[in-house]
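*Asks:* Pasting a structure here, questions to come.
Just so it is clear, none of the values below were taken in a lab; they were calculated from the coordinates. Treat the numbers as computed from the prediction; the structure is a model and nothing was measured. In this analysis, Cβ positions are derived from the backbone assuming ideal geometry, glycine residues included, and neighbour counts consider all displayed protein chains.
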Amino acid sequence: MWTKTRLDRALRCEERNLAWREMYEWREKVEAARRNGWPLPVTGGLIKAKTEIATGLNGRESGWDLDTVPVADFGNVNLAGAGTIRTGFNSFPLFNPAQAVTGSTDNLPFQLSTLAATNASRIAGSSTTFLAILVGCYLVHITSGAAVYQPAGSTVNIRTISTVTTTGGAFTTLATINATTATNFVDSITIASPAERQVATPTGTLLATAAGVFNGDSTFAELVTTGALNVQGNLLYVELEVI
C-alpha cells in the first residue's frame, strides 16, 4: 500500500502535468508550479520536505530534498543514417543487498508478493506492488547557440522491460514525444501508462499519466531517427521524475 503522502504527491504531479499541456513558456510553468504548490520542473526540482518535518523525522527547521533524477543522455549520438539508440535510466532487479549489508529487515515489494502470471508488460515472478511511481518525463533539447534544438525526423520514447532471471517481456512504451516539433528548451513528455501499470488514487481512480515501476523493471530512453543525425555540440537528454 502507498502512503497517503506519496499518493498525494503523485496526484499533484498529475494535476501539474495536465495544466502544463496548456502552457507554452517554461517560465509560466515554473510560476504556476510555485503558485499552486506543485512539484517544480525539472524532475520535481527541489521539493519541500514537509512529511519528514511533520512526522518528526527532521528537525523543526524548513528543509528541501531532491526527487530521483535518472538521466539518459544522447549528446554523443552521430548516426550516418536512420537508426535507434537506447540508453538506460535504471534497473530494479529482484535482489535486496541492503539486508545483508545493514541487517535491515525492510523488505522490497518482490519479497512480499510476486506476480503469479505474466501480463501485457510484466513477467511472472516480478513484484506485485510498485517499488516506485514514474510521475514525470522531461526532454531537454538546446543547441550550442542557446536555441531550441529540434533534430529532424527524431522521436524520443521512454520504455521499460520486465525481466526475471532468464525470462524477459517485450519493450513497453510509457511515454513518447516528437523531438522535431517540441517547442520549448525543456518539454514535459506525457506519460501514457498501460493498464497494468496505472496507479490508483485513494478514491480508486486509475491514472494513465503515472506509471508503476516494479522489481524486475529496467527503464530506458530510446531515440529513433528517420535519417542521419549528429547531436554532438548540442544538448539532448531525457530526465525522469520518480517518487
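*Asks:* For Q150 paired with A80, estimate the spin-label separation in nm (one decimal), with each label point 7 Å from Cα along the Cα-to-Cβ line.
*Replies:* Distance between label points: 3.0 nm.
*Asks:* Counting other Cβ atoms within 10 Å, keep those with at most 15, restrict to DSSP loop, and tell me which chymotrypsin sites (Phe, Trp or Tyr not before Pro) in segment 155-243 are left.
*Replies:* F171
*Asks:* Express in nm, to one decimal, how much length is gained between N90 and Q198 on full extension, taking 0.36 nm for each residue of separation and deducting their alpha carbon distance.
*Replies:* Taking 0.36 nm per residue and subtracting the Cα distance, the gain is 36.9 nm.
*Asks:* Under a Cβ-only charge scheme (Lys and Arg +1, Asp and Glu -1), can you give me the dipole magnitude of segment 68-242 about the Cα centre, in debye to the nearest 20?
*Replies:* About 240 debye.
*Asks:* For segment 236-243, take each phi angle, set θ = phi - 60°, evaluate the Karplus expression 6.51 cos²θ - 1.76 cosθ + 1.60, and give the result in whole Hz per residue in order, putting x for glycine and proline.
*Replies:* 8, 8, 10, 10, 10, 10, 10, 10
*Asks:* Another one. Points 7 angstrom from Cα along the Cβ direction at A100 and Q232: gap in nanometres?
*Replies:* Result: 4.1 nm between the two label points.
*Asks:* Once the Cα gyration tensor of segment 86-160 is diagonalised, what are the square roots of 5 times its eigenvalues, in whole Å and ordered largest first, as equivalent ellipsoid semi-axes?
*Replies:* Value: 36, 18, 9 Å, ordered largest first.
*Asks:* Oh, and also: Which distance in Å, rounded to a whole number, links the C-alpha centroids of segment 123-201 and segment 219-243?
*Replies:* After rounding, the separation between the Cα centres reads 11 Å.
*Asks:* Here is a further query. Based on the alpha-carbon set only, what is the convex hull volume of segment 68-242 divided per residue, in Å³?
*Replies:* Once divided by residue count, the hull of segment 68-242 is 141 Å³.
*Asks:* Taking the Cβ of P93 as the centre, find all other residues whose Cβ is under 15 Å away and add up their charges (Lys, Arg: +1; Asp, Glu: -1).
*Replies:* Every neighbour counted, the sum reads 0.
*Asks:* Size of segment 136-199 along its principal axes in angstrom, Cα-based, largest extent first?
*Replies:* 46, 25, 17
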